[in-house]
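Presented below is the structure to which this report refers.
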Amino acid sequence: MAALSNASRVVPELRKMRGESEIVITGMGVVSPIGIGGDALWASLCARRSGVRDLALFQGPALPVSFGANVADFDPKQSVRPRKSLKVMSRDIQMAFAAADAACREAGHHNTPFDSERMGVLFGAEPIPCDLDELVGAFRSCIVDGRFDFRLWGEKALPEMFPLWMLKYLPNMPACHIAIAQDARGPNNSITLGDVSSLLALAEAVRVIERGQADVIVAGGASSRISPALWVRSGVFEFTRRGENPAAASRPFDADRAGAVAGEGAAAFVLETRRHAASRGATILGRVLGFAAAFEPQRDGRPRTGSAIRAAIVRALDAARLTPDDVGHVNAHGPGTYHDDRIEAQAIRATLGDVPVFAPKSFFGNLGPGGGAVEMAASIMALAHERVPPTLNYEHPDPECPVNVVCGGGEPSRRPTALLLNHTPYGQAAAVVLAAA
């Protein structure tokens with residue numbers, strides 16, 4: 001992590017010395033609970049339309065929650081090819097595939113293909129929870145006199161399972177399936193570091209291009225936390241149980257916040273140098289100015305202070321050669337949990353002052369590793385429309401979260417830049433600075 005931060009500080013100088021142009025975004029694909037595609041995402045943000053709802057498939061007294069933000073209108077058969085690949089794709093992989101395919105189409109890859117040997121994929125993901133229905137037969141085959149007998153697993157259970165079962169749930173498979181479909185034979189990697197995975201994948205994509213190892217990288221993230229297998233471990237994710245009004249459950253920085261909401265989604269971006277984009281007449285959607293990451297270990301059981309978040313902000317601005325006054329808006333992590341919101345808000349105030357803050361998770365909850373990518377798509381649309389979207393459910397300001405949360409109907413952008421933040425419950429923090437095209 002320290003290497004990432006230190007490297008980000010010297011990137012502008014390296015770029016200048018090598019005569020390399022800045023890294024730009026030329027394609028974007030989004031699969032989110034509030035819309036598929038950038039325009040649909042933006043329309044929901046402007047209309048203050050939440051994606052959090054009751055989930056009829058997951059009702060029952062044994063589950064700690066029965067609501068979340070799923071992508072209700074996503075049909076993988078419309079995006080995944082060949083269709084038989086669906087047999088070895090979990091929902092995370094399906095959404096990643098669809099988002100990446102849309103991004104490549106917008107970038108023009110399907111009309112004038114990139115050099116396959118110079119095109120790579122870097123994606124954020126996490127260990128993918130298994131669909132419990134796939135284990136029912138295997139589990140039942142090992143029950144003797146009402147008790148599960150582990151000794152029977154090899155003999156009885158394995159024959160009940162799909163032979164390629166494991167391929168559906170490996171976190172490196174989103175990047176693999178995307179590369180196969182797009183014929184991307186260059187660098188391929190997967191970042192699995194929880195909620196910061198997407199932003200770190202983007203940062204590594206920039207680094208790979210600047211090192212001259214690829215001309216084009218498809219970067220992003222995907223994940224689904226709409227899973228009973230995760231919900232039974234709800235203490236890990238601090239899920240809120242206030243489901244009487246699902247749309248009001250995700251409340252970043254609000255004094256009445258009570259925990260995170262589970263969601264799912266994916267987003268992908270095509271990155272290349274401005275020179276490469278210009279050589280093929282591509283439309284530029286945005287620019288990556290800088291990035292950084294940091295880590296704050298938890299010592300002696302004491303709660304984290306947010307020092308990693310502060311460090312990531314300062315180092316990302318340094319890499320982008322911006323001052324706090326140059327930041328148009330902050331796209332905050334804001335999971336809606338008490339401690340995480342508090343330390344993030346105080347870090348933003350300490351480093352950036354009264355900058356406008358937008359908390360996308362108020363619309364669709366915590367998407368996990370895919371969250372940073374979908375949130376980045378929201379800021380790219382905000383920069384294009386020169387407007388900061390509102391944060392939902394911000395009704396009672398918390399004195400311990402001293403930030404300028406944009407609510408109501410949103411507000412005009414004061415600068416054509418955005419600083420994106422993500423952090424994990426374990427101390428990792430990442431920041432990316434974007435600018436309008």
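Each reported figure results from applying straightforward, stated rules to the coordinates on display, with no laboratory input. Keep in mind that this is a model prediction, so the values were computed, not measured. We place every Cβ from the backbone using ideal geometry, glycine too, and count neighbours over all the protein chains shown.
A few notes on this one:
- The Kirkwood hydrodynamic radius of the stretch 42-133, based on inverse pair distances between different Cα atoms, is 16.4 Å.
- Helical mean residue ellipticity (222 nm; -39500 (n - 2.57) per DSSP H run of 4+; nearest 500) of the chain: -9000 deg cm²/dmol
- For the stretch 195-233 versus the stretch 106-155, the gap between their alpha-carbon centres in whole angstrom: 17
- Neighbourhood net charge (13 Å Cβ-Cβ; Lys/Arg +1, Asp/Glu -1) for Glu386: +2
- Three-way shape call for the stretch 331-437 based on the alpha-carbon gyration tensor, with the a/c threshold at 1.5: rounded
- 3J(HN,Hα) along the stretch 142-150: 9, 8, 10, 6, x, 10, 7, 10, 4 Hz, from the Karplus curve 6.51 cos²θ - 1.76 cosθ + 1.60 with θ = phi - 60°, whole Hz, x for Gly and Pro.
- Contour minus Cα-Cα distance for Val144 and Ala47 (0.36 nm per residue): 29.4 nm
- Under the Debye formula (equal points on every Cα, no solvent term), log10 I(q)/I(0) of the stretch 63-202 at q = 0.09, 0.13 Å⁻¹: -0.37, -0.70
- 30 Å Cα cut-off, lysine pairs counted over the chain (separation 8 or more, or different chains): 9
- Where N is the number of residues in the stretch 171-325, Cα Rg divided by 2.2 N^0.38 Å: 1.27
- At q = 0.08, 0.12 Å⁻¹, base-10 log of I(q)/I(0) for the chain (Debye sum, equal scatterers on each alpha carbon): -0.42, -0.94
- Virtual paramagnetic centre 7 Å along Cα→Cβ of Ile180, amide N under 19 Å, in the stretch 86-113: 86-102, 104
- Net charge in the neighbourhood of Arg257 (other residues with Cβ under 14 Å of its Cβ; Lys, Arg +1, Asp, Glu -1) is -4.
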